[in-house]
Each structure stands twice: as structure tokens, then as C-alpha cells.
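Below: one structure, written as C-alpha cells.
The values are calculated or read from the model by the stated rules, or taken from the named source; none is laboratory data. This one's a predicted model, so the numbers in the text were calculated from it and none came from an experiment. Methodologically, a virtual Cβ is constructed for each residue, glycine included, from the backbone with ideal geometry; neighbour enumeration extends over all protein chains shown. Surface areas here come from the heavy atoms of the whole protein model, side chains and all, with no ligands, DNA or RNA. Shrake-Rupley method; radii C 1.70, N 1.55, O 1.52, S 1.80 Å.
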Amino acid sequence: MFSLTSAINELYGISEAYAKKLAKLEIKTVGDLLTHYPSRYEDYRLKSDMVKLQTGEKVTVTGTVKKFSTIRTRLRKTIIIVTVEDNTGTADLIFFNQPYLEKIFKEGLVFSISGIVGEWQKKKAFIGPDYEEMKEGKELLHTGRLVPIYPETAGISSKWLRGKIAFILQHCSYLLNEELNNKIVRTNNLLGYADALRQIHFPDNEMVLKTAQYRLSFEELFYLRLASFKRKEKQQRTLTNNKFKIQEYKESIKKFMDNLPFQLTIDQRKAVGEILTDLAKETPMNRLLQGE
């Protein structure tokens, strides 16, 4: 059992070697991994029968592996051709230099395949598509949905990240505690923290994705403002040795303002008054004065 601050290599399946790679993405803890948000999403929600495939279409099909073949070129490269079928027809999946796929695409297994329909030897085919085996009770992560694409580094792919993040969301729900006050959540009509994390990584649709993004952005800004207020409160408790006796200079200040070559606006006079009031206090002034 681990926490959000646990080292990332404490998570099942993450070795020291992977931990070093993840560090390049500033992922050092379990919490860092959960907040490694997608940079974009691939829309694989359009589903089609194989007989209806159109060249250039981004689509998802479901097919049973019918045949696996390997072609070796003169340059010692390998071309993998996987033929899949549904009840309407067949399609070929083309992969280059990935001989390990023979252990994955076993005849008779059912796969979900997503990608752009292209052509291979004058036949419609998927060139290097995304894929995952379909199993009963298993949620699709890499195909057939809005698929998250993450910032990556050498040896760490979006597919790998999706698997690890999905594992945490599914098996470690105790980590996803709501930290915002319930009143704040209700008043601002926010999505719950656990739901927001699930939807930011694996959104059901665009609408709920925007709701999740708003919730997580709200929380980030909320804690930034809270930290700012705490710094200000701490600063206000510090007495200053430079308290100004404004009353002694009241006439001089009025004379200076009256002799300006322009008339101060109401807002400018208000700002001057607030600054003078702050200068007369025993606590430091903390203001941002913006002018045109």
C-alpha cells in the first residue's frame, strides 16, 4: 500500500530503469504520475464494419485474427501482415520491424483496432494502427474512445503511461480523496476530485472532459490563492520600522497633487488614498500599482 508521495518505483511493474526515464518527465512519485495530464486526445470513437472502410478515414474496427505472416526484405527488415476479419469482410494490419507481434496476434483472438485507413498492395489496410486485445470485462484504453496522448520521453510511450495510470485509478481509489471543502465543491458546481482525475485521463466525451479540466484548474488556482493569502497574513504579522506619519505631510501631499499638470481621475485619487492609508499602518504594504 502506498501514498501519493510514494516513490514511483514502488508501483507494480516500474523498475529503477523506468523510474530514471520517468524522472525526465518530472515524474518521481505516484502523485506526479496521476497529475501527468494528457497534452491532447486521439478521437477513435467512430466505429465501422470492415466492408465499409474508406481510405483516409480514422476509425475503429473489431476483428478476429485470421492469419499472421512475416515478410523479410533484402535489407533485413521485417514486414508483419496481420489479417483480421469480422462478419462483413477482412482487413490487413501492417507493421514494420516488430517481430514480437507474433506472440500477441494469435489466431482466433479478438482485437480492437484503431487508426487511419490506408492501402497496402492495392487493398485497404491499417498501417501501424493502435490495437488491444478484447477481453470480457476489460475497458478499452487505447482504441475505440477518446484516447489520451501524453508528453513522452525515450522508452516511455503514451500506451505505457495509459496502462500505469489506469491501474492506479482502478485499484488505488483510496488515493483519490476529496481535499476541497464540500461547500466549495457544491457552490462552484465542481466535479468530484476522483471523477475529475478519471475523466481527464479517460474522458467519456468532450463535455465531461471540459468539466474535469475546469475542476482541476479551479483547484490549482484555489491553492495558489490560498498560499498567497497565507504569505500575506504572515507578512502582516511582521511589524515594520518604517511607519510613515502621513498626517505630518498631509498639506505637502495635497499641494503636490494640486500642482500636477493634469487632473487625477477618481480611481487615481482612490488609489493614492489607499496607498497613504497603508503607509500609515504598522504592517508592510503589499500592492501592485498598474498605470497606463
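Listing for the model above:
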item: Solvent-accessible ranking of Val82, Val51, largest area first, probe 1.4 Å; result: Val51, Val82
item: Loop-located GluC sites (Glu not before Pro) in segment 1-61, at most 11 other Cβ atoms within 10 Å (DSSP); result: Glu26
item: Å³ per residue enclosed by the Cα convex hull of the chain; result: 264
item: Among Arg215, Arg225, Arg269: highest mean-square fluctuation, GNM of the chain, C-alpha pairs under 10 Å; result: Arg269
item: Added length on full extension, which subtracts the Cα-Cα distance from 0.36 nm per residue, Lys103 to Lys234; result: 40.9 nm
item: GNM flexibility winner over the chain from Ala212, Ala23, Ala196 (Cα, springs under 10 Å); result: Ala23
item: 18 Å Cα-Cα threshold exceeded, pairs from Lys58/Lys138; Lys20/Lys164; Lys77/Lys106; result: Lys58/Lys138; Lys77/Lys106
item: From phi via Karplus (6.51, -1.76, 1.60), per-residue ³J(HN,Hα) for segment 41-56 in Hz, x at Gly/Pro; result: 9, 9, 8, 10, 7, 6, 10, 8, 7, 5, 5, 9, 4, 10, 4, x
item: Computed over segment 136-292: relative contact order in percent, which uses C-alpha pairs under 8 Å that are six or more apart; result: 17
item: For the chain, calculated [θ]222 nm from helices alone, where every DSSP H run of n ≥ 4 adds -39500 (n - 2.57); result: -10000 deg cm²/dmol
item: Highest to lowest packing among 59-72, 93-106, scored as the average C-beta count within 10 Å; result: 59-72, 93-106
item: Between segment 111-158 and segment 244-292, the Cα center-to-center distance that results, in Å; result: 64
item: Calculated from backbone phi, Karplus (6.51, -1.76, 1.60) coupling profile of segment 16-30 in Hz, x at Gly/Pro; result: 4, 4, 5, 4, 5, 5, 5, 4, 5, 9, 6, 10, 10, 10, 4
item: In Å², nearest 10: area of Phe218 left accessible to a 1.4 Å probe; result: 40
item: Candidates Leu216, Leu279, Leu169, ranked by Gaussian network fluctuation over the chain, Cα under 10 Å, top entry; result: Leu279
